[in-house]
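Worksheet for the structure shown next.
The values are calculated or read from the model by the stated rules, or taken from the named source; none is laboratory data. Worth saying up front: this structure is predicted, and the values here are computed from it rather than measured. We place every Cβ from the backbone using ideal geometry, glycine too, and count neighbours over all the protein chains shown.
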Amino acid sequence: MHRMADDFEIDGFLCRNGFDTAEARSGARDRLEAAKLTRPGKSRIHRSKVDTVNQLLLDSVYRVCNDGECLEMAKELAQGRTVVHVSSQCCQVCRGSDNCRDVTRLNLCLEKRGKRNVIIVGGTPTEHREIGNLSAGGPVKYRFIDATAGNYDKKRVKAQSRQADMVIVWGSTPLPHKVSNIYKDVVPSGRRLSVARRGISQMCREIIQALPDAANRAPNRKK
């Protein structure tokens with residue numbers, strides 16, 4: 001006879017792991033039952049199955065909130081997984097954050113255009129860390145240039161940006177004109193984009209609006 005400490009309550013486990021609506025828990029449970037990890041009417045599951053349960057849910061279920069943009073992106077990001085609706089905090093697209101949602105959309109748009117290596121000139125170290133963290137493990141790799149640190153010359157900038165698919169010059173941030181002008185002079189216009197909006201979310205949306213193919217553009221949101 002097993003001890004209570006050797007098992008856990010299924011609904012509580014699902015809720016703690018992002019399935020925070022009845023619909024989402026029902027969808028996740030359907031997957032567990034289909035895989036014979038539990039059966040109808042059973043409320044607890046043995047702890048030895050935790051890793052198997054986590055992997056199954058990761059591979060078969062995708063959590064998304066009711067935001068229209070998140071729902072649209074989930075059509076691509078789910079990649080065949082069952083989509084279940086959750087609160088914004090548990091959404092795998094936005095995680096309850098405008099920055100996360102718009103960095104996710106930007107990365108999708110850049111990947112579609114084959115722009116996987118991107119340099120961002122300007123912005124603060126805090127913004128750099130957030131964009132990097134939100135993009136970790138994804139197809140788009142960013143290199144961030146702190147325009148207030150060190151001296152910049154055309155030779156160095158040219159070598160630095162030669163392998164980049166796109167260079168984003170982010171105005172309205174700590175970005176001296178002498179630095180932005182070097183990038184504008186050295187990087188061809190076809191691989192360079194200047195944006196002026198403050199904040200990560202608005203910067204992403206300006207880039208998306210400037211990219212070709214209006215079908216992938218994010219609609220303007222009220223501030």
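Below, the figures for the structure above:
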| item | result |
| --- | --- |
| Selected residue [surrounded by 19 or more Cβ atoms within 10 Å (Cβ to Cβ), outside the structural domain of D30 (by TED's automatic domain parsing) and at pLDDT below 95] from V118, V157, V103 | V157 |
| Total residues in the range 141-168, condition among the polar types (S, T, N, Q) and either in contact with a helix residue (DSSP H, G or I) (Cβ under 6 Å, 6 or more places away or on another chain) or part of a strand (DSSP E or B) (or both) | 0 |
| Positions within the range 9-65 being assigned to a helix (DSSP H, G or I) and among the acidic types (D, E), in sequence order | D11, E23, D30, E33, D51, D59 |
| Filtered residues of the range 170-210 (kept if among the aliphatic types (A, V, I, L, M) and under 20 Å from R129 (Cα atoms)) | L175, V195, A196, I200, M203, I207 |
| Positions within the range 121-137 being of a type in the set (S, T, Y) and either free of Cβ contacts under 8 Å to residues at least 12 places away in the same chain or buried (at least 21 other Cβ atoms within 10 Å of the Cβ) (or both), in sequence order | T126 |
| Of all residues making up the range 115-125, the number that are of a type outside the set (A, V, I, L, M, F, W, C) and within 17 Å of the chain's Cα centre (by Cα) | 3 |
| From the options G96, G137, G132, residue that is among the small types (G, A, S), modelled with pLDDT under 95 and under 20 Å from C204 (Cβ atoms) | G137 |
| Residue in the range 60-75 that is over 23 Å from R31 (Cα atoms), modelled with pLDDT of 95 or more and hydrophobic (A, V, I, L, M, F, W, C) present | no |
| Residue within the range 67-85 that is within 23 Å of F8 (Cα to Cα) and hydrophobic (A, V, I, L, M, F, W, C) present | yes |
